[in-house]
Amino acid sequence: MKICTRCVLPETYAGIRFDENGVCNFCNAYSVKEEKEAHFHFKNEEEVKECLKKYKNLGRKYDLLVPLSGGVDSCFTLIQIVEKYGLKPMVFHSDHGWDDPTATGNVERLCKELDVDLLIWKNDLKFMRKLFKYFNESDDYTVSPCYACGNMLYLNGLEIADNFNIPLVVNGYSKGQAAMMHDGEKSRDWYGRMINVILETGDQEFFAKFTKKWELLKRQVIYETRADLEKEVDLDKILFIPFFVFKFNKTDKEVLEKICRDRFDWQPLRVSYPDRTTNCEMIWLNSYRDFNKRQYTHYHDEYSTLIRAGEISREQALKDLELNPPPGLLERLATECDIELADLR
Ligand SMILES: [Zn+2]
């Protein structure tokens, strides 16, 4: 299997081409784009702080919504938002049914430590089981089940922001996730594919629930350039900013982990995929399917962006992305979602 010599994308990735040095077209396009867009971004923290003030000045109960997974990225984001930017957040944690108690524990301890309001959203388990079943069993390998689930969690955030009249959401997505979210063309393509996957199951009820959630999407504005944050607050819209989109925010896991441990006794999951993250159990099953069917997970996509941005070394990324599921786990998850494990091979 041929893999890009700079990032970790394999030859099975859609639209990939390699130059004479084995570097992929996505890596080659990255530096050009970076240089061209440099002036669209904030130069330092002070500039961002200044822009965020107007959300504070709205005088509402909550200045913004912060989704918190319990991993170091989102925990660090919340600490900064409260202590450095002086904003009053409502925190939301999504439990889709396979949430790890360690992650929930981190969330609860941090919110208590910072004295901020926390809302834990429990997803409809029956709906989520079907989601994992349909997307794992689908023949369209371009869409990861993790992507479909991630979108649901994202839309939950939008729904809560809408319910509580909050015009700003700042989330702790890593730079790699942020880059994936902000690729409008890719998002539209994947949305169409998700719809097709569901239509093929013939499950009308699921289809109706799934598409209804997307209606809220017309309220969101995704942060692209500094102009999105500089303009007046549009109370009819909800602005989404990934905290780590700002170049001066670094995402070195060791550094963030130390800050979180010292601050509120942050605890790591015993085993996670990719290694050194705080992710849910279902990622093991979804990644197993993605890896078998197309030889990469959507984390290979995400980590490739991190490598290009200089946030992680290629060597470390390859190590973190090795897939070694704990014994018996895949079997249990497959049974819980009524999936034949053999079909995912
Ligand atoms: Zn590459």
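For this structure, a couple of remarks:
- Matching helices (runs of 4 or more DSSP H) fully within region 253-338 where at least 2 residues are assigned by TED's automatic domain parsing to the domain that holds K186: 253-264
To keep it simple, each residue is scored yes or no on (1) in the same structural domain as F164 (by TED's automatic domain parsing); (2) touching a residue at least 60 places away in the same chain (Cβ under 8 Å); (3) closer than 20 Å to R270 by Cβ.
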{"site": "P101", "(1), (2), (3)": "yes, no, yes"}
{"site": "R109", "(1), (2), (3)": "yes, yes, yes"}
{"site": "I120", "(1), (2), (3)": "yes, no, no"}
{"site": "K130", "(1), (2), (3)": "yes, yes, no"}
{"site": "E137", "(1), (2), (3)": "yes, yes, no"}
{"site": "S144", "(1), (2), (3)": "yes, yes, no"}
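- Residue match in region 220-231 (condition: assigned to a loop (DSSP other than H, G, I, E, B), at pLDDT 90 or above and small (G, A, S)): no
- Of all residues in region 223-254, exactly one satisfies the criterion of being among the hydrophobic types (A, V, I, L, M, F, W, C), under 30 Å from W266 (Cβ atoms) and surrounded by fewer than 17 Cβ atoms within 10 Å (Cβ to Cβ), namely F248.
- Yes/no for F164 being buried (at least 20 other Cβ atoms within 10 Å of the Cβ), touching a residue at least 40 places away in the same chain (Cβ under 8 Å) and not acidic (D, E): no
- Top-ranked residue in region 20-59 [being more than 24 Å from the chain's Cα centre (by Cα) and of a type in the set (V, I, T); ranked as nearest to I166 (Cα to Cα)]: V32
- Verdict on L323 being without any contact (Cβ under 8 Å) to a residue 60 or more places away in the chain, farther than 20 Å from S31 by Cα and either away from the ligand (no atom under 16 Å from the Cβ) or not charged (D, E, K, R) (or both): yes
The values are calculated or read from the model by the stated rules, or taken from the named source; none is laboratory data. Quick caveat: nothing in here was measured; it's all calculated off a predicted structure. A quick note on method: Cβ atoms are made from the backbone with ideal geometry, for glycine too, and the neighbour counts reach across all protein chains shown.
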